[in-house]
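> Structure incoming, see below.
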Ligand SMILES: Nc1nc2c(ncn2[C@@H]2O[C@H](COP(=O)(O)OP(=O)(O)OP(=O)(O)O)[C@@H](O)[C@H]2O)c(=O)[nH]1
Ligand SMILES: [Mg+2]
């Protein structure tokens, strides 16, 4: 048994995964990532899901590393010859870069331009302003019962796996998982397989009865997709969360959604008693500047960000650093100055 090697293999069931892990690493196996292999065509409905697992006997890398992105342009930019007033020049750059009007208004209100004439300097001030607002946020503590809610397919289940991985690998905790999707699905799905490997109990509402009411037991809830345009669906989700006394209700949102849809989801904060938010698919977003508005002024506490399909990584609780790293000014516009 080689304690140092890492291994990537494919398997179709929990038993197969556990057997391979034991054969290669004995009791010391550490799962680094699990992907569900996507199938094409109709056969995907007929065959069991297949997983690709990477495991090692070594240390598990820490969660939450901040990916390095190129910093924003740093050369001084002055355009004294432009006919546009400075404020308008800045607004034009920020609007084209995806920042919202209310955020820009708050900036100009807070930081009068006075006799600054260097655009780069003002943009730097804008980033400091974003940072200042973030630091002033009243971020709510997480409770013991955490539910992920959001529209279908945003990445709730995958993000839940990342949170479970963090609980198990980083905090050494074993939460209980409750699937709030009625009696919809049974059998093997990625959440059940993953929890099985980690020795986490998964209860499926309507099928299993969860009997323990220990207030200290951390419980993570995976809710089915909610149609935010359907008041009945929103009410029934809220009733279910009330029934389970869920205190931390996290809105999970795909960062690629347009602002109309984001607004629709954020408009249900009161109806669903939402407390936190998570943005997913940051890896696919070429620019994430529009998210600042929701993070800083959306009314929910930022929880974490997801930027990839790994079950155990591609995830950070360092929302401010990640967003600052990813924030870009449309470079073509800057070339004009
Ligand atoms: N690239 C990328 N893919 C992601 C991310 N988060 C989730 N996905 C993918 O998005 C798809 C849907 O993810 P799920 O976790 O099943 O979404 P869900 O919200 O639980 O879906 P429902 O339960 O059907 O409502 C899967 O293929 C995930 O691998 C992310 O941050 N980046
Ligand atoms: Mg799901």
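Each value in this text was obtained by applying a stated rule to the coordinates, not by laboratory testing. What you see is a predicted model; the values in this text were computed from it and never measured. Neighbour counts are summed over all protein chains in view; Cβ atoms, including those assigned to glycine, are modelled from backbone coordinates with ideal geometry.
> If a paramagnetic tag sat 7 Å from the Cα of residue 229 along the Cα-Cβ line, which residues of segment 141-160 would have the backbone N under 15 Å from that point?
Under cut-off, by backbone N: 151-152.
> Now a separate question. Kindly identify segment 145-326 as rounded, prolate or oblate by the Cα gyration tensor criterion: order the square roots of the eigenvalues as a ≥ b ≥ c, call it rounded if a/c is under 1.5, otherwise compare a/b with b/c, prolate if a/b is larger, else oblate.
It is oblate, given that a/c is not under 1.5 and a/b is not larger than b/c.
> Now, a different point. If the chain between residue 105 and residue 152 were fully stretched, how many nm would it gain, using 0.36 nm times the residue separation less the Cα-Cα distance?
Numbers: separation 47, 0.36 × 47 = 16.92 nm, distance 3.39 nm.
Result: 13.5 nm gained on full extension.
> Looking at the square roots a ≥ b ≥ c of the eigenvalues of the Cα gyration tensor of segment 86-136, which shape do they give, rounded for a/c under 1.5, prolate if a/b is larger than b/c, or oblate?
oblate
> For labels at residue 201 and residue 321 in the simple 7 Å Cα→Cβ model, what's the distance in nm?
3.6 nm
> Taking 0.36 nm per intervening residue step and subtracting the Cα-Cα distance, what contour gain separates residue 170 from residue 88 on full extension?
This chain segment gains 24.8 nm when fully extended.
> How would 19, 92 line up from fewest to most surrounding beta-carbon atoms within 10 angstrom? Mind dumping the intermediate values first?
Numbers: 19 12, 92 15.
Final ranking by Cβ density, sparse to dense: 19, 92.
> In percent, what relative contact order does segment 214-337 have, based on Cα pairs under 8 Å that are 6 or more apart in sequence?
19 percent
> Contour minus end-to-end for residue 132 and residue 283, with contour as 0.36 nm per residue of separation and end-to-end as the Cα-Cα distance? Write down the numbers at each step before the final one.
On the way: separation 151, 0.36 × 151 = 54.36 nm, distance 2.52 nm.
Length difference between fully extended and current span is 51.8 nm.
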